[in-house]
Amino acid sequence: MGTTALTTSGLMTTGTTTGTTEATTERPRAGRFGQVSVRTRLTVVIALLTLAAMTVAGVLVYALESRRIEAAVTEQIKQEIGEFRLLEREGIDPDTAQPFTNAQSLLVTYLQRNVPDDDEMLVV
């Protein structure tokens, strides 16, 4: 910036002023992660993103597989109930050669004739 001053002799002088800057010896304050290297920060970010992705994938697989397993179990239960009802309607009691008259003989005969699959178990 230029400044103009009028002197007592009536002459004008023009001068320029310059701003001065002070050099400081203070280091800028380190932020929250200022002491941690870039490599470490990148590693932490990648690890957190991987953790988030694996968590989402795990929840998705759990939801899908639990639905599939529930549907399969429901289907197997329906099959067993259907077989039991068929024995009740059309089955013949091997002791009397007549249709079943009581629940105990029907249930005992059903359990004796039922052959569980490899992934099934009969509990008496």
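Every read-out reported here was derived from the displayed coordinates using simple, explicitly stated rules and does not represent laboratory data. These numbers come from a predicted model, not from an experiment. For neighbour counting, all protein chains shown are included, and Cβ atoms are generated from backbone atoms with ideal geometry for every residue, glycine included.
For region 88-118, a tally of residues being closer than 16 Å to I77 by Cβ and in contact with a helix residue (DSSP H, G or I) (Cβ under 9 Å, 6 or more places away or on another chain) returns 3. Scanning region 81-103 for residues that are in a helix (DSSP H, G or I) and free of Cβ contacts under 8 Å to residues at least 12 places away in the same chain yields a total of 7. Within region 104-124, the set of residues being out of contact with any strand residue (DSSP E or B) (no Cβ under 9 Å at 6 or more places or on another chain) and not in a loop (DSSP other than H, G, I, E, B) comprises Q104, L107, V108, Y110, L111, Q112, R113.
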